[in-house]
Amino acid sequence: MKLNLILFALLILFALVKINAHHQYRVNHHALEIEKQRTIELKDEQHRLLIEESSKSGNGRILEYAKGKLNMNPPEKKQKKLIK
Amino acid sequence: MRSKIKKNHEFFELSKFRRRLTLLVLLTLFCVLLSRAFILQGMQKDFLQKEGFERSNRNIELYAYRGKIYDRNNQILAASETVRSVTLEPRRVKFKKGDKKKLSNLLKMKIETLNKKMKTKRNHIYLKRKVDPKIASKILALKIQGIDTEKDYRRTYPDHEISAHVVGIYGGDGKGLEGVEYQKNDYLSGTQGNKKILIDAKGRIVDNLSEVRVPVDGKDVHLTIDKRLQHVAFQSLKKTINKFEAISGSAILINSKTGEVLAMANYPSFNPNKRMKKRSPFVRNRAVTDLFEPGSTMKPISVAAALEKKVVNVNTKINTGNGLYRVGRRLIADTKPHGIISVKEVIQTSSNIGATKIAEKLSKKDLWQTYSNFGIGNLSGINFPGESSGIIRNHTKWTDHYHMSASYGYAMSTTVAQLARAYTPFANKGEIKNLRLFKNDPIKIGQRVLSIETSKNMLEIMETVTMQGGTAVQAAIPGYRVAGKTGTSRQALKGGGYGSVNERKYNASFVGIAPVSNPKFIMAITINDPSRGSNYGGVVAGPVFRKVVSEALKIYSVTQDGIEIIVKDNEVDSQEI
C-alpha cells in the first residue's frame with residue numbers, strides 16, 4: 001500500500017515536472033522567435049541602409065550637391081595649369 | 001474478530017433498491033458521457049479539429065532575400081528592401097471624421113477609389129502595395145479600425161536609369177525579366193522557406209510543429225561595371241543625343257587588357273524602379289542587341305589585314321584620285337579628293353577609295369578571315385541576354401562589290417560591344433580579348449589574331465586620327481596619346497538601299513584606345529541619326545569618348561603620355577596636345 005502511494009506521488013511529481021519543462025520550453029521558444037524576428041528586422045534595416053548609402057553616394061547627387069550647395073565648378077581653361 | 005467483520009460488512013450493505021438506483025444513475029451518467037464523447041470524437045471530429053488547428057496552428061512563409069547586384073567597387077546596383085502593403089478589411093473598417101481624407105492623401109489615392117475598394121465583398125484586400133515604411137507608419141498612426149499593414153519586399157535600383165540596361169528589371173515572383181536580373185536569375189533567386197508553428201492563446205509562437213524549410217538567400221552578383229564611369233558615360237551620351245537631336249545612342253567602355261566592361265550605357269533609358277504599364281522600346285540593352293553597319297570604324301581591320309599579309313606597308317602610296325572610284329557599276333566616293341596618300345593617311349582621312357584599293361590587294365577569303373578573327377559575326381563573350389552575333393556573309397558568297405564595301409565597313413553589321421572587342425587586338429599586341437561583365441568569371445587567354453608589329457603599327461596609324469588633320473581631333477585628351485577611328489555610316493532603309501540625300505540617316509560612331517603608350521581603355525560609341533549640326537562620327541561621338549575616357553584615366557590614375565608647359569608673361573598656361 002505504501003509503495004503504491006509512493007509510486008503515485010512520484011507519478012504526480014514527474015507529471016508536474018514534465019508539464020513545467022514543456023512550459024519552460026515554450027517560453028524559451030517564444031524568446032528565441034522574438035530574437036529571430038529581431039534578426040530579420042536588423043537584416044531588413046541593413047539592406048535599407050545599404051541602398052540608402054548607395055543612393056546618396058551616387059555621382060549625380062554628389063555633383064548636384066557640389067555645384068548647388070558648395071558652389072564647386074570645373075575650372076575654366078584659363079585656370080588650368082599643366083606641369084611638365 | 002469475525003463478528004467485527006460482519007458488522008463492517010453490514011455497515012456498508014445497501015438495500016437492493018438503493019444499490020440498483022445508484023447503479024442506474026452511474027450507468028446513465030456514463031452513457032451521457034459516452035454519447036457526448038461519441039458526438040465530439042465521432043460526429044464532430046473533423047470540424048472540431050479544424051477549429052482547434054485554426055486557433056493554434058499557423059503556416060508562415062520565411063522570406064529569402066534575392067541576391068544583390070554590385071558594381072566592381074561593391075556599390076549596390078540592385079537590392080531588395082522592406083516595404084509595407086496597406087490592407088483593408090471592409091467589414092471591420094470604421095472611419096472617424098477626417099480619417100478618409102488623411103488616408104487618401106497618404107496613399108495618394110482619390111477618395112472615390114477608396115470608397116470603391118471598400119464596397120468589395122471580400123474580407124481582406126490590399127489598398128496599396130509596396131508603400132514606403134514611413135508612410136505606412138503614418139497610416140498606422142491614424143489608428144483606423146480595419147486598416148493594417150503587411151510586410152512586403154521591393155526590388156530597388158539606386159542608380160535609376162543610369163545602369164538600367166545592364167542591371168535589367170525584376171518582375172516579381174522570382175523572375176528577372178531583363179539584363180543581369182534575367183541572365184543570373186537562378187543565381188540571384190533564393191529559396192523561400194516556410195514553417196508550421198503553434199501559437200498560444202496570446203498569439204505567441206510557442207513551438208515549431210513540422211515541415212520547417214529554412215529559407216536560403218540568393219547569391220550576390222559582382223559586375224565589372226564601375227558605377228562612376230557608368231554615370232559619366234550615361235550623362236555624356238544623354239548630353240550628346242540632346243545636343244545633336246539624335247534618336248538614340250549606345251556606348252561601351254572596356255578595360256583593354258582584360259576585356260572587363262567598365263561602363264555600358266544607352267540613351268534613352270528607363271527607370272527600373274517605376275512599373276511600366278507598356279513595355280518600353282528602350283528597355284533592351286542596345287549596346288549588345290542592336291546591329292548597325294559599322295562603316296569606317298572597320299577600316300583599321302581591313303588595313304591591318306593588308307599589313308599582316310604584307311601586301312602594303314605603312315608608307316605605301318595609294319592613289320585616291322579625284323575622290324570618285326568606279327567598281328563595276330558602283331561608284332565609291334570620298335568626302336573630298338585626297339589625291340595620292342599613304343596607308344597611314346587612308347586611316348587619318350578615312351578615305352573609302354584608299355580602303356577599297358588596299359582591299360583589292362587582298363583576297364576575299366583573307367579579308368573575311370580577318371574580320372572573323374576580329375569577332376565580326378561572332379558573340380562578344382559577354383553572354384548578355386539577347387546579344388546579337390552580328391552579320392557577315394561567308395566569303396564564298398561575296399561579290400566584287402561586297403568585297404569593296406566590306407573594306408570600309410558596309411555590307412556587314414555589328415553591335416557596339418563587338419566593335420569595342422574588335423579593337424582589343426590593337427591594344428593587346430595582337431591578342432583579341434573576350435568581353436566580361438562578371439567579376440568572378442575567369443579571365444580567358446586572348447587569341448592572337450595579329451602580329452605584335454602590325455598591332456603596334458596600327459596603333460600609331462590610328463593615333464593620327466585624333467591629331468591635327470585627322471577626323472577626330474575632338475576625341476583627343478590633353479596629356480594622353482589617343483588612337484581611334486571614326487565612322488559615319490548611312491543607315492539602310494526599310495525598303496532597302498540608303499535613300500536619297502534628303503532621306504538619308506546616319507550612324508555617327510567612334511572607337512578609341514587610350515593611352516597609346518600602354519593601352520588601358522577602349523571605348524566604342526554610336527549615335528543613331530544625329531540630325532542637328534553635324535552627323536560625323538568625330539564631331540558627334542568623339543567628345544563622348546574624350547569626356548568618359550578622361551574621367552577613366554583620372555579615376556584609375558593612369559600616367560600621362562606627354563604634357564607641355566607654356567610660360568607667357570610669368571603666367572603658367574596650358575596647351576592641349
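List the helices (runs of 4 or more DSSP H) that sit entirely inside region B:105-215 and contain at least 1 residues that are closer than 27 Å to residue A:33 by Cα, without any contact (Cβ under 8 Å) to a residue 24 or more places away in the chain and among the charged types (D, E, K, R).
Values: elements: B:111-118, B:133-141, B:164-167, B:179-183, B:185-188.
Once the helices (runs of 4 or more DSSP H) in region B:105-215 are filtered for at least 1 residues that are closer than 27 Å to residue A:33 by Cα, without any contact (Cβ under 8 Å) to a residue 24 or more places away in the chain and among the charged types (D, E, K, R), what remains is B:133-141.
Pairs only if they're at least six apart or on different chains, beta carbon under 7 angstrom, first in region B:223-246 and more than 17 Å from residue B:78 (Cα to Cα) and in contact (Cβ under 8 Å) with a residue 24 or more places away in the chain, second crowded, with 24+ Cβ neighbours inside 10 Å and among the hydroxyl-bearing types (Ser, Thr, Tyr); list them, first residue then second.
If the second residue must be crowded, with 24+ Cβ neighbours inside 10 Å and among the hydroxyl-bearing types (Ser, Thr, Tyr), the pairs left are B:234/B:267; B:237/B:267; B:238/B:267; B:241/B:267.
Examine region B:151-170 for a residue that is more than 14 Å from chain A (Cβ to nearest Cβ) and among the basic types (Lys, Arg), and state whether such a residue exists.
no
Find the strands (runs of 3 or more DSSP E) located wholly in region B:442-537 whose residues include 3 or more that are surrounded by fewer than 24 Cβ atoms within 10 Å (Cβ to Cβ) and not assigned by TED's automatic domain parsing to the domain that holds residue B:289, and list them. Outline the logic, then answer.
Details: elements: B:483-490, B:506-514, B:521-528.
Because the criterion is at least 3 residues that are surrounded by fewer than 24 Cβ atoms within 10 Å (Cβ to Cβ) and not assigned by TED's automatic domain parsing to the domain that holds residue B:289, no strands (runs of 3 or more DSSP E) in region B:442-537 meet it.
Quick check: is even one residue across region B:20-38 more than 10 Å from chain A (Cβ to nearest Cβ), in contact with a helix residue (DSSP H, G or I) (Cβ under 7 Å, 6 or more places away or on another chain) and over 30 Å from residue B:438 (Cβ atoms)?
At the first step, the residues of region B:20-38 found to be more than 10 Å from chain A (Cβ to nearest Cβ) are B:20-38.
This time we only want the ones that are in contact with a helix residue (DSSP H, G or I) (Cβ under 7 Å, 6 or more places away or on another chain), so: none.
Scanning region B:20-38, I find no residue that is more than 10 Å from chain A (Cβ to nearest Cβ), in contact with a helix residue (DSSP H, G or I) (Cβ under 7 Å, 6 or more places away or on another chain) and over 30 Å from residue B:438 (Cβ atoms), so the answer is no.
Quick one: in region B:247-268, which of the residues that are in a loop (DSSP other than H, G, I, E, B), surrounded by fewer than 24 Cβ atoms within 10 Å (Cβ to Cβ) and not hydroxyl-bearing (Ser, Thr, Tyr) is nearest to the chain's Cα centre (by Cα)?
Restricting attention to region B:247-268, the residues satisfying the condition of being in a loop (DSSP other than H, G, I, E, B) are B:247, B:256-259, B:268.
In the following step, the residues that additionally are surrounded by fewer than 24 Cβ atoms within 10 Å (Cβ to Cβ) were identified as B:247, B:256-258, B:268.
This time we only want the ones that are not hydroxyl-bearing (Ser, Thr, Tyr), so: B:247, B:257, B:268.
Numbers: B:247: 21, B:257: 23, B:268: 14 Å.
My answer is B:268.
Answer with yes or no whether residue A:51 is within 8 Å of chain B (Cβ to nearest Cβ), under 30 Å from residue B:160 (Cα atoms) and out of contact with any helix residue (DSSP H, G or I) (no Cβ under 9 Å at 6 or more places or on another chain). Reasoning before the result, please.
Values: within 8 Å of chain B (Cβ to nearest Cβ): yes; under 30 Å from residue B:160 (Cα atoms): yes; out of contact with any helix residue (DSSP H, G or I) (no Cβ under 9 Å at 6 or more places or on another chain): yes.
Judged against the criteria, residue A:51 is a match.
Yes or no: residue A:77 more than 8 Å from chain B (Cβ to nearest Cβ) and among the basic types (Lys, Arg)?
no
Scan region B:547-556 and tell me whether some residue there is at pLDDT below 90 and in the same structural domain as residue B:254 (by TED's automatic domain parsing). Even if it seems obvious, please write down each step before you answer.
Initial filter on region B:547-556 (at pLDDT below 90): none.
Within region B:547-556, not a single residue is at pLDDT below 90 and in the same structural domain as residue B:254 (by TED's automatic domain parsing).
When you scan region B:361-373, do you find a residue that is in contact with a strand residue (DSSP E or B) (Cβ under 6 Å, 6 or more places away or on another chain) and touching a residue at least 12 places away in the same chain (Cβ under 8 Å), even just one? Before you say what the answer is, go through the steps one by one.
Pass one, region B:361-373, residues in contact with a strand residue (DSSP E or B) (Cβ under 6 Å, 6 or more places away or on another chain): none.
No.
Residue B:64: within 14 Å of chain A (Cβ to nearest Cβ) and in a strand (DSSP E or B), yes or no? Break it down stepwise before answering.
Details: within 14 Å of chain A (Cβ to nearest Cβ): yes; in a strand (DSSP E or B): no.
No; evaluated as a whole, the condition is false for this residue.
Would you mind telling me which numbered condition in (1) farther than 26 Å from residue B:535 by Cβ; (2) basic (Lys, Arg); (3) touching a residue at least 12 places away in the same chain (Cβ under 8 Å) residue B:275 fails?
(3)
Quick one: would you say residue B:181 is over 12 Å from residue B:69 (Cα atoms) and among the acidic types (Asp, Glu)?
Values: over 12 Å from residue B:69 (Cα atoms): no; among the acidic types (Asp, Glu): yes.
In short, no.
State which residue is surrounded by the fewest Cβ atoms within 10 Å (Cβ to Cβ) when the search covers only region B:180-239 and only residues that are β-branched (Val, Ile, Thr) and either more than 11 Å from chain A (Cβ to nearest Cβ) or out of contact with any strand residue (DSSP E or B) (no Cβ under 8 Å at 6 or more places or on another chain) (or both). Lay out the reasoning, then the answer.
Within region B:180-239, the subset β-branched (Val, Ile, Thr) is B:180, B:191, B:197, B:199, B:205-206, B:212, B:214, B:216, B:221, B:224-225, B:232.
Filter once more, keeping what is either more than 11 Å from chain A (Cβ to nearest Cβ) or out of contact with any strand residue (DSSP E or B) (no Cβ under 8 Å at 6 or more places or on another chain) (or both): B:180, B:191, B:212, B:214, B:216, B:221, B:224-225.
Values: B:180: 26, B:191: 13, B:212: 12, B:214: 10, B:216: 14, B:221: 22, B:224: 23, B:225: 31.
Per the criteria, the residue is B:214.
Suppose the filter is facing chain B (nearest Cβ under 8 Å), within 30 Å of residue B:229 (Cα to Cα) and assigned to a helix (DSSP H, G or I); does residue A:29 pass it?
Working: facing chain B (nearest Cβ under 8 Å): yes; within 30 Å of residue B:229 (Cα to Cα): no; assigned to a helix (DSSP H, G or I): yes.
Criteria not met by residue A:29.
Of A:68, A:58, which residue is more than 9 Å from chain B (Cβ to nearest Cβ) and out of contact with any strand residue (DSSP E or B) (no Cβ under 7 Å at 6 or more places or on another chain)?
On inspection, the qualifying residue turns out to be A:68.
Answer yes or no as to whether residue B:494 is under 32 Å from the mean Cα position of the chain (by Cα) and basic (Lys, Arg).
Numbers: under 32 Å from the mean Cα position of the chain (by Cα): yes; basic (Lys, Arg): yes.
Yes; evaluated as a whole, the condition is true for this residue.
Return the residue satisfying two criteria in turn: it lies in region A:64-84 and is in a loop (DSSP other than H, G, I, E, B) and charged (D, E, K, R), and of such residues it is farthest from residue B:231 (Cα to Cα).
By that ranking, first place goes to A:84.
Suppose we keep only residues that are of a type in the set (Val, Ile, Thr) and within 14 Å of chain A (Cβ to nearest Cβ) within region B:69-122. Which one would you say is surrounded by the fewest Cβ atoms within 10 Å (Cβ to Cβ)? Please lay out each step first, then the result.
At the first step, the residues of region B:69-122 found to be of a type in the set (Val, Ile, Thr) are B:69, B:76, B:82-83, B:86-87, B:93, B:111, B:113, B:120.
Subsequent filtering for residues that are within 14 Å of chain A (Cβ to nearest Cβ) retains B:69, B:76, B:82-83.
Values: B:69: 26, B:76: 23, B:82: 18, B:83: 21.
Checking each candidate, the answer is B:82.
Filter region B:458-498 for residues that are among the basic types (Lys, Arg) and touching a residue at least 12 places away in the same chain (Cβ under 8 Å) and give the result. Can you show your working first?
Just the residues of region B:458-498 that are among the basic types (Lys, Arg), to begin with: B:481, B:485, B:490, B:494.
Listed by number, the residues that qualify are B:481, B:485, B:490.
The values are calculated or read from the model by the stated rules, or taken from the named source; none is laboratory data. Predicted model only: the values in this text are computed from it and were never measured. Neighbour counts are summed over all protein chains in view; Cβ atoms, including those assigned to glycine, are modelled from backbone coordinates with ideal geometry.
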